[in-house]
Every structure is written in structure tokens, then in C-alpha cells.
Amino acid sequence: MDGPDIVCIVEGKGEVSAAPVLIRRIARTLNQFPRVHHVRGNRSEITGPAVVGCVRIALSKAADPRILLLFDADDDPACTLGPQCLELLRTLAGHRRAAVVLAVREFENWFIAGIEGLWGKRGIPDGLRPPANLESIRGAKEWISRNMAGGRRYHEPRDQPAFAELFDMERARMLSPSFDKLWREIEKLLS
């Protein structure tokens, strides 16, 4: 069963592999099976006028793509940067469905929110709990590395796609408003 095409514009090396995994995983829970493509840009390209090039590439990936701009908010307030980027994206994408989601702080904060799904896997010890202030953690990759067993270190290109397939998404939706927003935006793009 074929679904729509979603083109995800991302900024990081790990997100190139992890974002499609995560989008497909969310879509499967909605009984949808989209084709997911990616376009990689750097932060200055996807938060400013240079996003034009990324959107052109995204539009060339499919006949009628739904476009998702997905990147880390870092220290920027997602509540203001997101709507600014969405306005620009909608101008560039024309009539196509488009969405912008900013992971508050970092993509890895979502893994911390759903860490229970990683217990006993990929160096995550059983019983590890997310901190109460998880969306305020700056340095989520480092938090994960500090909490991995056996001297393992989090390695973004290797671990991010695997974590995207394994973390507890329902728990992450409860603890991370920015992950819940990703879920809702994917749902809208697929409807």
C-alpha cells in the first residue's frame, strides 16, 4: 500500500538517517505508509532565506511532496522561530502541505523522554529515567553518553537511527511537547 511522499529537510548527519526512520515509525502507528525522502541543509540554510535551495530540492523529490522542516531549536525559542520558518516554507512550497517542527534543544531530547524503550539496548541501562527538566537539557548527546553502560559513548550517525526505531514514543509524547508536536504535524501531513 503506497502512501504520500514526505520530504524531510534536516540539518544533522544523524537526522539524515534517523528522521526517515522516525517518520515511518509514526506513520505505521497511523496505518500510513509514506515514501520518505530527505534533504540536508545547514542551519543557516533552513532558518533563513537560503532555505530556497533546500525547498527546491525537496520539491524535485516527488510530484506532490508534503514537506517537513525538522531541526534542533538549540537556544532559540521554538515558539517564535518555528512560525517564522513555517511562513517562509509555505511561501516557497506553494499549495503543498508543509510543516515545521523544532526539537526543543536537540533531537536527542526526544530519546531521553522515551528512554524506557531503550532499556537494555545499545548501552542504555535498565531503570534509567529522564530528568524532570528534559527539554531544558543542553547537551542531550552528552547526557546520553554519560548514562551509557560499559564505557559506551553515544555516536550520532550510528546510534540516532537505531534509537529512533526503539525509544518509547508514547512516553516521549507525554514528556516532550516538541515530540508531541512532531507527531501531530506528521498526522496532519498524512491526512
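The values are calculated or read from the model by the stated rules, or taken from the named source; none is laboratory data. Since the model is a prediction, treat every value here as computed from it, not as a measurement. Glycine gets a Cβ as well: all are built from the backbone with ideal geometry, and neighbour counts include every protein chain shown.
Computed quantities for the displayed model
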{"read-out": "Identity of the residue in region 126-151, among the small types (Gly, Ala, Ser) and surrounded by 10 or more Cβ atoms within 10 Å (Cβ to Cβ), that ends up modelled with the lowest pLDDT", "value": "SER136"}
{"read-out": "Listing of helices (runs of 4 or more DSSP H) fully contained in region 1-70 that carry 1 or more residues being surrounded by fewer than 17 Cβ atoms within 10 Å (Cβ to Cβ) and under 17 Å from the mean Cα position of the chain (by Cα)", "value": "13-29, 43-46"}
{"read-out": "Total residues in region 109-121, condition buried (at least 17 other Cβ atoms within 10 Å of the Cβ) and part of a loop (DSSP other than H, G, I, E, B)", "value": "1"}
{"read-out": "Inter-residue pairs, beta-carbon under 8 Å, first more than 22 Å from ARG138 (Cβ to Cβ) and in region 78-107, second at pLDDT 95 or above and surrounded by fewer than 18 Cβ atoms within 10 Å (Cβ to Cβ), 6+ apart", "value": "ARG97/LYS188; ALA99/LYS188"}
{"read-out": "Residues being of a type in the set (A, V, I, L, M, F, W, C) and under 9 Å from VAL10 (Cα atoms) - total across region 40-57", "value": "1"}
{"read-out": "Residues of region 122-144 classified as more than 30 Å from VAL51 (Cα to Cα) and part of a loop (DSSP other than H, G, I, E, B), total", "value": "12"}
{"read-out": "Residue in region 72-89 that is in contact with a strand residue (DSSP E or B) (Cβ under 8 Å, 6 or more places away or on another chain), assigned to a strand (DSSP E or B), of a type in the set (D, E, K, R) and crowded, with 16+ Cβ neighbours inside 10 Å present", "value": "yes"}
